[in-house]
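The structure appears below as structure tokens.
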Amino acid sequence: MKMKIIIMCFLMTNLAYAQNFVVNQKGLAFSEDNLTIQVGDIVSFVNQDEAFHNVYSLSDAAFFDLGSYGKGKEKEVEFDEVGEVVVECAVHPSMQMTISVIE
Amino acid sequence: MRKIIFILVLFNISVAYALDDYVFESGHGSLSKWTLPEEVPFPENNRPTQARVDLGKALFFDPRLSGDGNMSCASCHNPMLGWSDGLKTAKGHKSQILGRATPTIINTAYNSIQMWDGRKASLEDQATGPLEAEVEMHMDIESLISWLNNNEIYRKKFNLAYPGEGVSATTLSKAIASYERTIISRNSPFDNWVEGNKSALTESEIAGFKLFVDPEKGNCEVCHSAPNFTDNGFHNVGLELVLDGDSDFGRYKIISLSSLKGAFKTPTLRDISYSAPYFHDGSSHTLEQVVKHYVDGWKGAENLSLNIKEISLTESEIVDLTAFLNALSSPKEALVLPELP
């Protein structure tokens, strides 16, 4: 019983401190050039363009490829490591932003 | 206390390419996004001057910049052929046939990335690429710089254009890029119609423009976006990826993401009527063939861009859309060739 309470407290603590951020893709640009978040935070990438976008990063601190998705769709990434993460759209290379993940 | 959920940016529901955003009347404000900026973009370290443009022009047309002394930039980027070469795919050193069509350099100054696969970021980055490529101009850059340095007139021109910077691969690139920034098309019938000249487009061409921007009809604007008719993006539009046993996966060779397999850069459509054949593989000889490719030519292809979707166009609509594409070409102007040093 005591263990269950400890686990519940741990989960609630994490919930209380994890933040969700939203970055839009609109007019062939990310809504933010730079974003600072903490380890464990989640960023949702929302496509508001008619065109499909493909959000990805090849950075050491976060390596992901969300694939192509269209207008009104969103995909999210949880950032687990400290570091600078360059996020780009594979389809439109001029769409770039940097996410700074801190402790 | 930090909130559990923090919305960074409010959701904006406006639509980027909705047909309703347009009023199809000459000079209407809804069309203004198609007007190209009068000032051509340039990097701070290569502000255009007449001396730089003049030097770049001489270099661009000088066949002595190739290994065999018989190919200039203009051999492939021929102003009489829409700054392309009229070939299905380019011919390089000793006329060997290359894998891709020569892209036009019209308005490439407005683009944020260069080459069919985007491997060069700027015109300055791009300029010496073909020059040094073994299969293209086949030039040894050190020998070239030495030759230019020993040519008194070229040396003076470099000093005038780039005082204190000397004759180098860097200044050579900067000069050629400066000249390429003068190769601009922004005076087409469509441009004039956008500016308010009602009679600049025919009824058929206006109907074609409506089809062009309608996501449910031509669906062209989704990639060929304003103002330069390109999104500077990379798309697999359903062309053959393996030709004569050779495969070409385009952008995928530069960035190995699966969605990029077979993706090539969206070309501008300005002056498009001058630069047939079309596509990176030169597989369409006419604009009508290009339009028909987007109707059903792509079907069955793998890894298609998700921007490609089922569209239906009547024969009459294909005529209108093709007429509009032809209205994107500026009148040809006489070109004075440079006197080579």
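The values are calculated or read from the model by the stated rules, or taken from the named source; none is laboratory data. Note that the structure is predicted; figures quoted are calculated from it, not measured. Note that we place each Cβ from the backbone using ideal geometry, even for glycine, and neighbour counts take in every protein chain shown. In case anyone asks, the SASA skips ligands and DNA or RNA and just uses the protein heavy atoms, side chains included. Shrake-Rupley method; radii C 1.70, N 1.55, O 1.52, S 1.80 Å.
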Given the conditions (1) within 14 Å of chain A (Cβ to nearest Cβ); (2) farther than 30 Å from B:LEU55 by Cβ; (3) open to solvent by less than 30 Å² (accessible area, probe 1.4 Å), report the number of the one that B:LYS309 does not fulfil.
(3)
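For the stretch B:222-243, does any single residue satisfy the condition of being more than 9 Å from chain A (Cβ to nearest Cβ), without any contact (Cβ under 8 Å) to a residue 12 or more places away in the chain and either assigned to a loop (DSSP other than H, G, I, E, B) or not charged (D, E, K, R) (or both)?
Yes.
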Conditions: (1) touching a residue at least 12 places away in the same chain (Cβ under 8 Å); (2) part of a loop (DSSP other than H, G, I, E, B). B:SER256 meets all but one. Number of the miss?
(1)
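Quick grid of which residues meet (1) β-branched (Val, Ile, Thr); (2) over 29 Å from B:LYS332 (Cβ atoms); (3) surrounded by 21 or more Cβ atoms within 10 Å (Cβ to Cβ):
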| residue | (1), (2), (3) |
| --- | --- |
| B:GLN96 | no, yes, no |
| B:THR102 | yes, no, yes |
| B:THR108 | yes, no, yes |
| B:MET139 | no, yes, yes |
| B:ASN150 | no, yes, no |
| B:LYS156 | no, yes, no |
| B:SER168 | no, yes, no |
For B:PHE249, state whether it is free of Cβ contacts under 8 Å to residues at least 40 places away in the same chain, within 14 Å of chain A (Cβ to nearest Cβ) and within 30 Å of A:LEU66 (Cβ to Cβ).
yes
Wholly enclosed strands (runs of 3 or more DSSP E) of the stretch A:4-103 bearing at least 3 residues at pLDDT 95 or above and among the β-branched types (Val, Ile, Thr)
A:42-47, A:83-89, A:96-102
